[in-house]
Amino acid sequence: SGFNGIELVNVSHINMIGVKMGYGSVAKGGTGLKITADYWNSGVFSAMDCTFGRVDNNHTGLLIDAPINLDSYTFTGCYFGGEKPIRLIGANYIRSVNFIGCHAEARKLPGSTETDVIAVEIGAVLGGSWTGGSITAFGEVNSSAFVFTDRAKKFNVFAVEANALT
């Protein structure tokens with residue numbers, strides 16, 4: 001409960017293929033993959049066919065927190081699950097983040113005090129895109145596929161299937 005499955009701090013030049021973090025977990029809460037940095041410019045990251053978080057068990061599948069500027073991230077064919085499957089936040093910026101053919105599933109955890117389900121929170125992003133794939137939210141009155149904060153600069157969305165969203 002409350003775990004970070006994988007936490008990358010000040011790490012660059014990473015390739016992940018077929019990693020499953022949080023998949024099948026029975027623990028409640030936590031984050032599948034957390035990426036951050038405190039003094040080095042981190043990034044140049046690629047993940048393919050990975051699973052980060054589980055819709056029924058995790059708070060967040062992917063959290064990229066940019067307290068300093070972070071470089072580029074690409075996710076291809078990945079799954080993100082949780083109460084807030086993807087959160088791109090921070091005091092500085094993520095220079096580039098791209099999702100290609102990915103799937104996100106959002107559902108409130110039992111006992112959660114959240115009023116809305118947000119599948120993808122886009123903030124602190126200079127540029128990026130979501131191309132293809134799908135986003136699903138389950139069982140909530142207020143659910144959103146993408147929520148852009150005032151810190152998001154440019155993020156393009158192309159050909160995404162969205163289900164159960166209001």
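Look at region 147-166: where a residue is of a type in the set (D, E, K, R) and a partner is in a strand (DSSP E or B) and modelled with pLDDT of 90 or more, sitting 6+ places away or on another chain with Cβ atoms under 6 Å, you get 161/134. Taken over region 105-143, the criterion of being of a type outside the set (A, V, I, L, M, F, W, C) and in a strand (DSSP E or B) is satisfied by 105, 121, 128, 129, 131, 132, 133, 134, 136, 143. The residue that is most open to solvent (accessible area, probe 1.4 Å), counting only those in region 79-98 that are under 14 Å from residue 36 (Cα atoms) and in a loop (DSSP other than H, G, I, E, B), is 91.
Residue 107 meets the conditions (1) farther than 16 Å from residue 14 by Cα; (2) crowded, with 17+ Cβ neighbours inside 10 Å; (3) charged (D, E, K, R); (4) free of Cβ contacts under 8 Å to residues at least 40 places away in the same chain in every case but one. The failed one is (4). What do you reckon, is residue 101 open to solvent by 30 Å² or more (accessible area, probe 1.4 Å) and either of a type in the set (S, T, N, Q) or over 20 Å from residue 7 (Cβ atoms) (or both)? Yes: the conditions hold for residue 101.
Residue-level analysis places residue 147 among those that are of a type in the set (A, V, I, L, M, F, W, C), in a strand (DSSP E or B) and farther than 23 Å from residue 46 by Cα. Only a single criterion out of (1) open to solvent by 10 Å² or more (accessible area, probe 1.4 Å); (2) assigned to a loop (DSSP other than H, G, I, E, B) is not satisfied by residue 46, namely (2). Filtering region 1-22 to residues that are over 10 Å from residue 52 (Cα atoms) and in a loop (DSSP other than H, G, I, E, B) leaves 1, 2, 3, 10, 11, 18.
Have a look at 119, 152 and point out the one that is closer than 24 Å to residue 41 by Cβ, modelled with pLDDT under 95 and open to solvent by less than 50 Å² (accessible area, probe 1.4 Å). 152 is the lone residue from the list that is closer than 24 Å to residue 41 by Cβ, modelled with pLDDT under 95 and open to solvent by less than 50 Å² (accessible area, probe 1.4 Å). Checked against the criterion of being touching a Gly at 6+ places or on another chain (Cβ under 8 Å) and either within 15 Å of residue 54 (Cα to Cα) or modelled with pLDDT under 90 (or both), the candidates 81, 111 yield just one match: 81.
The residues of region 52-72 that are closer than 15 Å to residue 103 by Cβ and surrounded by 24 or more Cβ atoms within 10 Å (Cβ to Cβ), listed by number, are 52, 53, 54, 58, 61, 62. With respect to the conditions (1) part of a strand (DSSP E or B); (2) farther than 26 Å from residue 143 by Cα, residue 68 falls short on a single one, namely (1).
The values are calculated or read from the model by the stated rules, or taken from the named source; none is laboratory data. From a predicted model like this one, the values you see are computed outputs, not experimental measurements. FYI the Cβ positions are ideal-geometry reconstructions off the backbone, even for glycines, and counts take in every protein chain you see. Only protein heavy atoms, including side chains, enter the accessible area calculation; ligands, DNA and RNA are left aside. Shrake-Rupley method; radii C 1.70, N 1.55, O 1.52, S 1.80 Å.
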